[in-house]
């Protein structure tokens, strides 16, 4: 039972992070390798809002979420906008560079020590007993809930929202979408904003659950296989991929070797690339486009 | 290749042999001689610190050249270069620790392991392109790093493997000046090997594959064969550089081969300029010296001691900033700057601007 809970929690974490990769990839065919750092930035933003202007958890978290949306849009406007129309690879390397820059700046601003935004907000993290004998920490439960909410929200937004439809259109064919009067830059900026927002939510909840250090970005990178296994342009796929990667990781930690935890997602990634590079739910012709 | 423009002095090539010659004009020969003499005199003028810097540059140059071959010429992106360096270093370390093997066994062994890994790293390239290939090399990097870490922890070398300096004729290679010449020779040989590969059939096949695979295949180039060859050669060189690095430092640890190192090598070829061997060298110099330059500059500022603790973070962010700067503002890299400079002086006092409609 505990094993199942662990798998669900880890899968929820990965899924919440992976949807950021999927959003940006789906809309602009750019792989955002700075996602882990942006997620970490979200967590540090929460720490800042918590310590500087509000001890009320709700206010602090809302403020941090809004800030992270702004950060995502700024990343697009200031950097990625310049990479539109460049080689896809140049754009990806730009995100790598951005990640390095952000990580350096974060260590400069917030230092590399372990910090606990939960304490700053005066929140405790009691373990909840679940029927069936398993236990789950409050914030882990919050992560699962948030993942469900984010995926539900994104689904409704992309399916029915005016801007959601525009985003899908741009993802399918940017040229045609632009011809029909869709503001490409606005759509890309929105995708970056939303992606950073969801990543930041993940970052904040992980930080509340288990503290915050500058090694958090690694979790972001480990979530990438989830996005790819499911198919880089499919949200549903990201959910399925997260379950597969999470299950593989928890099971191998439990039954083989705890040291494997850092490498299992990438082993799954390699297996996926060998067997089905476009992912479980991805579109097949994507491969030749990049 | 590393020379693309004809000279303005009226030097025209009239045969293929001339076109392929490594040194074409007298001024090139003179420049090369001057450069060689400078490099030969350097260790006798420099302090130990600058000698170490030069050695680091040479090691980085070997790695950057090998990555340039793969990414800049054959067009196959790799984010796993640090994994190959690590493989080479660990091969040398393990062979030395477990079997007490001398360097003339470990270095070829490292290159062989590198070549083998090159096949593994290269296999996905037969099916995947661009982003997906980059990601697969990234994943393989994590696997190699894990294996290295696993070896360290199971064999009780959790802090790293110590390696004695290689012995030549019973005398250990410890003198920094000797190391300088060894590494210089290794870097120069690598450069020559790359230059020769590129002006031969292999290099042209890689260029064709990079330009357009379908056309290359129609021309009768075996895509799979040449892609794998690119990976094998590049990986063997990288592993060799890794083994040299292990001997130079006298120490192997998986910490030294972080993902950041991979990115540094990618940065070298971007900063230097894609598709140019000269670029790989310039990039290696630039990226290796950047942190030292930053440190020196910071120490000049007032309150220098107060920054000392955050030096690493400053380096890190500056590195990211520089990489972004080159990607956004100078995609051709340092070589692009160099070419523009050359053209400026070639045409001086006139200027050449492409007409507005030309793009």
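Considering only B:264, B:56, B:305, the mean-square fluctuation computed in a Gaussian network model of chain B, springs between alpha carbons under 10 angstrom, is largest for B:305.
Report the FRET efficiency, 1/(1 + (r/R0)^6), for residue B:337 and residue A:145, where r is their Cβ-Cβ distance and R0 is 45 Å, rounded to 0.05. Once the sixth-power term is evaluated, E becomes 0.25.
Report, as a whole number in µm² per second, the diffusion coefficient that Stokes-Einstein gives for segment A:99-212 at 20 °C and 1.002 mPa s using the Kirkwood radius over alpha carbon pairs. Don't jump to the answer; show the numbers that get you there.
On the way: Rh = 17.1 Å.
Once the numbers are plugged in, D ends up at 125 µm²/s.
If you take the Cα centroid of segment A:170-232 and the Cα centroid of segment B:181-227, the two points sit 37 Å apart. Can you compute log10 of I(q)/I(0) for chain B with the Debye formula, treating each Cα as one identical point scatterer, at q = 0.06, 0.10, 0.11 Å⁻¹? The calculated log intensity ratios at q = 0.06, 0.10, 0.11 Å⁻¹ are -0.24, -0.68, -0.82. For the peptide B:317-329, the mean number of other protein chain Cβ atoms found within 10 angstrom of a residue's Cβ is 6. Counting other Cβ atoms within 10 Å as a rough exposure proxy, the listed residues B:16, B:73, B:248 run B:16, B:248, B:73 from fewest neighbours to most.
Only Cα pairs under 8 Å and at least 6 apart count here; give the relative contact order of chain B as a rounded whole percent. List each step's numbers first, then the result.
Details: 461 pairs, mean separation 100.7, N = 359.
In percent, rounded to a whole number, it is 28.
For segment A:14-29, backbone nitrogen atoms closer than 20 Å to the point 7 Å from residue A:180 Cα along Cα-to-C-beta are found at A:23-29.
Counting neighbouring Cβ atoms within 10 Å and putting the fewest first, the residues B:42, B:11, B:316, B:141 line up as B:11, B:42, B:316, B:141.
Once you sort the root eigenvalues of the Cα gyration tensor of segment A:1-134 as a ≥ b ≥ c, which label holds: rounded (a/c under 1.5), prolate (a/b larger than b/c) or oblate (the other case)?
Numbers: a/c = 2.35, a/b = 1.41, b/c = 1.67.
Oblate is the answer for segment A:1-134, as a/c is 1.5 or above yet b/c matches or exceeds a/b.
Cα centroid separation, segment B:291-356 to segment A:105-146: 42 Å.
From the C-alpha coordinates alone, can you work out the Kirkwood hydrodynamic radius of segment A:2-289, in Å? Can you show the working numbers first?
Details: mean 1/r = 0.0522 Å⁻¹.
Over segment A:2-289, the inverse of the mean reciprocal pair distance is 19.2 Å.
Dimensions of segment B:79-178 based on its C-alpha atoms, expressed as ranges along the principal axes with the largest first, amount to 49, 28, 24 Å.
Its alpha carbons considered, segment B:223-359 gives a radius of gyration followed by a Dmax of 19.3, 58 Å. Comparing Cα centroids, segment A:29-91 and segment B:114-142 end up 30 angstrom apart. Label separation (residue A:261 vs residue A:3): 1.7 nm, computed from points 7 Å beyond Cα along the C-beta direction.
Tell me, Kirkwood radius of segment B:181-295 from alpha-carbon pair distances, in Å? Intermediate results must be reported in sequence, preceding the final value.
Working: mean 1/r = 0.0625 Å⁻¹.
One decimal place: 16.0 Å for the Kirkwood radius.
Neighbouring Cβ atoms from other chains, within 10 Å of the Cβ of residues in A:87-95, number 5 on average.
In this simple spin-label approximation, residue B:155 and residue B:126 carry label points 7 Å from Cα along the Cα→Cβ vector, and these lie 3.2 nm apart. Computed over segment A:9-51, the range of Cα coordinates on each principal axis works out to 37, 24, 13 Å, biggest value leading.
Among B:97, B:201, the ranking by other beta carbons within 10 Å of each residue's beta carbon, starting with the fewest, stands as B:201, B:97. According to the calculation over all Cα-Cα pairs in the protein assembly as shown, the P(r) per 10 Å bin from zero is 3, 14, 24, 26, 19, 10, 3, 1, 0 %.
Bear in mind these aren't lab numbers, they're just calculated from the coordinates by the rules spelled out. Remember, it's a predicted structure, so these values are computed and weren't measured experimentally. Virtual Cβ from ideal backbone geometry, glycine too; neighbours counted across all protein chains shown.
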